[in-house]
Structures are given as structure tokens and as C-alpha cells.
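Data first, discussion second: the structure below is written as C-alpha cells.
Here, each number is a calculation from the coordinates, and none is a lab measurement. The structure presented is a predicted model; accordingly, all values stated were derived computationally and were not measured. Here the Cβ is made from the backbone with ideal geometry for all residues, glycine too, and neighbour counts use every protein chain on show.
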Amino acid sequence: MGSTAAKPKLGLGSIINLSMGFMGIQMGFGLQNGNASRILGNYGADVHELSWFWIVAPLTGLIVQPIIGHMGDNTWGKLGRRKPYFLIGAILASLGLIFLPNANIVAGENMAAADFLGISAILWIGIGFLALMDVSFNISMEPFRALVGDMLPKSQGTLGFSVQTILIGFGAILGSFLPWILHNWFGLANVAPQGSVTPNVVWSFYIGAIILMATILYTIATVKEYPPEEFAAYQGASEEEAPQEKKSAFKEILADALAMPKRMKRLGLVQFFSWFALFSMWVFTTVAVSQNAYQVEVDEATYQFALETLKSEPIPSEAKEAEAHLQMIADFESREAKDGQYFVNSNQAAKLANGTFMDDASLDAIARNAIIDQGGKYANIAQAPGDFIWLEGGILEYLLNNRNLQFEKSVRAAFVFKFIDSQHAKGGDWTGVLFGTYNAIATVFAFLLAYIAKRTSRKFVHILSLSAGGIGLLSLVFIHNPEHMLYSMIGVGMAWASILTMPYALLIDKLPLSKMGVYMGIFNFFIVIPQIINALIGGPIVHAFFNDYAIYYLAFGGALFLLAAVLTLRIKEPLFNEAVVLD
């Protein structure tokens with residue numbers, strides 16, 4: 001074996017260039033995390049089905065990342081070792097971002113009426129584009145982590161992954177806040193007809209696609225990867241060494257997985273419970289926030305009136321419509337009251353308001369006339385053209401709560417369910433704000449990670465951060481003011497920053513440089529497997545044990561964060577000692 005050359009340290013600007021493209025990927029990932037459940041709900045998915053549709057993300061990661069890592073370890077071309085995969089992933093991810101919120105348009109009128117296995121064609125197409133995004137993100141993510149290991153000496157590993165976390169945070173902040181910004185600053189609507197996606201979300205995805213491509217191209221243009229002979233010198237290999245016997249990619253990945261270092265196994269268990277908790281948060285926060293902080297429930301009288309009306313209506317003659325009608329009745333009958341209130345999801349509310357009781361045009365006319373009858377208090381808004389105008393400025397709340405206004409039961413019920421539909425939209429927008437906030441906290445905290453780790457240990461930082469995340473998620477159960485939920489995101493942001501940094505900083509000490517890519521891909525098993533398990537069981541648990549009140553499943557995720565913190569104690573590094581003791 002030849003002598004090992006010292007890998008040169010890189011300046012801060014060069015380290016930033018390494019991960020600039022990851023910022024664009026995370027913007028797309030942030031848009032997906034904050035809006036995928038909302039989009040699928042618009043396409044007809046119920047709350048207890050959401051986790052099943054999210055299974056696409058971890059499943060593709062399980063398959064794609066080790067393969068991409070192995071291929072990257074053995075790729076040497078004009079574009080580089082890792083950069084070809086950035087480019088391929090960016091192109092595919094951009095297409096997914098553009099088409100996911102337009103699945104209803106892709107389906108067209110003919111396919112919109114079709115279904116397969118009881119799921120509408122629009123929803124299947126949406127799931128397909130979600131899968132495309134997930135495959136693309138996984139193609140791009142692993143090479144970015146491996147690139148940090150390729151280009152930086154181990155002494156700069158914590159700094160490199162901290163900078164990557166900071167840039168990830170910037171991208172996720174923008175992606176998470178964008179729908180809220182486009183609605184509140186630029187006036188794009190946050191409500192849409194049943195079966196379509198709101199304009200503020202659609203345009204957020206377009207902007208995300210543009211920024212993702214731009215940042216990936218920036219990294220490709222500014223980073224020059226080491227050529228094979230120079231890279232071989234840094235790992236102590238000699239060009240004259242006899243080539244090893246070639247194995248199939250699958251056999252090599254399996255052999256490497258079986259030979260993973262002890263530290264990797266212990267970190268893997270920590271990652272398992274950490275990512276189980278994260279997946280719970282990403283899938284169910286939109287519903288949980290709507291339930292816990294917005295009025296998305298009906299009282300006993302409205303619930304009984306809706307159920308009686310549904311049962312008294314003739315069953316449609318068309319099979320698909322008849323099935324949907326009977327399913328609506330079954331869903332309502334299965335609801336159990338919580339403090340005298342019944343939870344209604346957005347899709348059900350839209351169907352009841354627009355189909356069972358009254359269409360938008362009729363309801364809009366009644367709302368405008370009722371407002372005008374009150375002496376013109378809201379006449380300027382009531383006279384404004386366009387659908388859903390009466391939902392803005394608290395007018396619907398006024399109609400519902402003003403005791404001087406008398407409506408027939410059907411009109412008031414229609415108002416109630418339209419109001420609930422609008423509240424779900426607010427909950428969806430606020431989820432983006434919450435996710436943007438925890439990413440902002442993660443970005444700030446990432447600046448401190450290397451400093452705190454140097455004064456204590458990487459192990460201490462991870463325990464502290466995971467504990468803060470657990471407390472943050474648990475606290476959401478007791479908070480009913482949406483603005484106060486921002487405080488809970490402080491702990492979640494600390495946990496997110498550490499999860500993106502410390503496990504990798506702890507891991508690269510024990511990984512051979514020549515297999516950095518494949519081991520990063522194998523380490524991803526401990527990220528995607530818990531998400532797959534959660535995807536399969538999460539929805540049924542929320543439905544069967546929590547009556548579709550998702551906030552309690554978020555609290556369960558908080559408990560798992562605390563468990564992961566305890567398991568971090570098994571990593572053999574002193575809590576308060578700068579000297580690192582390796583496994």
C-alpha cells in the first residue's frame with residue numbers, strides 16, 4: 001500500500017459550495033413535507049390513509065441510496081464522481097415538483113371519474129409524482145453527504161456537516177414558508193375547489209423547482225472533485241496494487257452491510273427512533289394543528305343533522321358515486337365525540353358543503369345578502385367579485401356567530417362545513433410556518449454545533465438536542481393557540497439540526513474513505529426502515545386508538561425522541577471530554 005497523503009483543508013467558501021445544491025434539494029423536500037398530506041387530502045385521501053401514501057419516500061430511499069452510493073464510489077467521469085447524480089436527481093425532482101400539484105390536470109376529465117382499487121385516478125397520479133420526487137431526492141441526497149466525506153479531511157467533518165445543515169435549513173425555511181408568504185404577502189388564494197390544489201401551493205412548487213435546479217447547477221459549476229489518482233493517494237492506496245476480485249453490486253453492498261462498524265450499529269438504533277418520530281411529525285402535523293388549534297369540528301346538533309341528511313338522501317345510481325356516498329355515511333357513523341365535538345376532515349367538509357347541502361354559488365349569494373342586510377357593515381367586501389371572497393376577513397365567522405341572523409338548518413350546516421374547510425386551509429398554511437420555524441431554529445443552532453461539541457462532545461450535543469425535540473413534540477398536546485406552537489418548534493429545530501449533523505460527524509471517523517458512498521447509503525437504512533414501518537402502522541394506529549386525533553401520535557413521536565437520546569449514551573465518547581474515544 002502506498003503512503004497516505006494529507007487531504008488539504010478547504011476554506012469556508014469552498015465548503016459552502018459543496019452543499020449549495022443540498023439547499024435547493026431541501027427546499028423541495030420542505031415543500032413536500034409541509035404540503036404532501038394537504039395535496040393528497042385535496043385529491044381525496046382520508047387522514048388514516050395518509051401514512052400509507054407517504055411510504056413511497058422511505059421505500060425509494062431504501063432501494064435507491066445504497067445503489068447510488070455504490071455507483072458513486074465507482075464512478076469516474078468528466079463531470080466527476082458524485083456530480084452526475086446531482087444533475088440527474090435535480091432534473092427528475094423538478095419535474096415532480098411541477099406535476100404533483102397538477103395531478104388533477106394531468107388526469108383530465110375522463111380519468112378523473114375513474115378509480116383503481118378504490119382509489120381515484122387523480123390520487124394515483126399524485127402518488128406517482130410524489131414517488132418521482134422521492135426517487136429524485138434520494139438520487140441527489142446521498143451523493144451530497146458522500147461529497148463532504150470525499151473532499152474534507154476528518155478534522156473538518158463536523159464543520160462540513162454543520163455548514164450542510166445550515167444550508168439545508170435555509171432551503172427548508174424558504175420551502176416551508178413559501179405557501180404562507182404567497183397567500184399573505186402576494187394574495188394568492190389558499191382555498192381551491194374540491195379535487196384541486198390551492199394556487200399558493202401550486203406556485204410554491206414552481207418556484208421550488210427553479211431554485212432546486214439553479215443551486216444544483218451552482219455546485220456542479222463550482223466544485224472540482226479529486227481525480228482518481230489524487231483520491232487514491234489520500235486513502236493510502238497504490239496505483240500498482242493488484243485489482244481485487246470483482247463482485248456484483250448487490251453482493252458488495254450486502255458484504256459491506258454485514259461488516260459495518262460497531263459504532264454504525266449503535267448510531268443506527270438512535271437514528272431508527274429519531275426518524276420514526278420525524279416521520280410522524282411530517283405526516284400528521286397538518287391534521288394535528290388543524291384539530292388542536294383551529295375549529296375543524298362540529299357540535300352534536302350539526303353532526304346529527306348531517307348524518308340524518310346523508311342517510312335520507314337517495315343512493316346514487318352510478319356505482320362509484322354510490323360507494324362514495326355509503327363510505328361518507330360509514331365515516332360519519334364511526335366518529336366518536338371528543339368533548340362534545342366531532343372531527344371532520346377537509347375532504348368531507350368540502351363534499352358536505354358543496355354537495356350535500358348547497359353549492360358554492362348559492363352559498364356565496366346567501367352570504368353576500370346576509371352581510372348587506374346588516375346595514376352594509378361588510379358591503380364593500382360583499383360586493384367584491386370572485387368566489388370565496390366572503391371567507392376572508394372573518395366574515396364567515398360573523399355569519400356563523402351573529403345571533404341576529406337566522407338560517408335554515410341546511411344553510412347553517414353548509415356554512416359550518418365551508419368554514420371547517422377554510423380552517424383546514426389555515427391549518428395547512430400554519431403547518432408550513434411551523435416547519436419553517438423549526439428549520440430556522442435548526443439553521444441558527446447549526447452555527448453553534450461545532451462550538452458546543454468542542455467544549456463538551458458530539459455525544460452530549462446529540463443527547464441534549466434529541467431531548468429538546470422530545471419535549472417540543474410532547475408540548476403540542478397542551479397548546480391550542482397556533483402562535484404558541486412556535487415555541488415548541490425550538491426544541492424540534494435543535495433536534496433536526498443535530499440529526500442532520502452529529503450522527504454523520506460521529507460516523508465518518510470509522511468509515512473507509514473508498515467506501516464512503518456505499519456506507520452512507522447503508523446508514524440510510526436506519527432512516528428509511530423506521531419510516532416504512534411508521535407508514536404501514538401509523539394511520540391505522542391514529543384511526544383505531546386515537547379516533548383520528550393525530551396530535552397524540554405526535555406526542556408518541558416526542559417520547560421516541562427521548563428514547564433516542566437515552567440510546568445515544570451507548571456511543572463510546574465521553575460526555576465532557578475533548579479527547580474522542582473511538583469504538
Query - Order of VAL296, VAL461 under a 10 Å beta carbon neighbour criterion, fewest first - result: VAL296, VAL461
Query raised in the report: Hey, what do the phi angles of region 273-279 turn into as Karplus ³J(HN,Hα) couplings, whole Hz, using 6.51/-1.76/1.60 and θ = phi - 60°, x for Gly and Pro?
Result: 6, 5, 7, 4, 5, 4, 4
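Assuming R0 = 22 Å, what is the FRET efficiency of ILE315 and GLU336, from their Cβ-Cβ distance, to the nearest 0.05? Before the final figure, lay out each step's value.
Working: r = 25 Å, r/R0 = 1.15.
Efficiency, from the Cβ-Cβ distance: 0.30.
Multiplying the sequence separation of LEU217 and LYS409 by 0.36 nm and subtracting their Cα-Cα distance, what value in nm do you get? Let's see the in-between values first.
Working: separation 192, 0.36 × 192 = 69.12 nm, distance 5.83 nm.
Value of the extension gain: 63.3 nm.
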Requested in this report: Give the calculated FRET efficiency between TRP185 and GLU308 to the nearest 0.05, with a Förster radius of 41 Å applied to their Cβ-Cβ distance.
Outcome: 0.40
Report task. Return the loop-located trypsin sites (Lys or Arg not before Pro) in region 398-486 (DSSP other than H, G, I, E, B) with at most 12 other Cβ atoms within 10 Å of their own Cβ; answer none if there are none. Result -> ARG403
**Report entry** Cα-Cα over 31 Å, subset of LYS320/LYS418; LYS83/LYS426; LYS7/LYS265
**Finding:** LYS83/LYS426
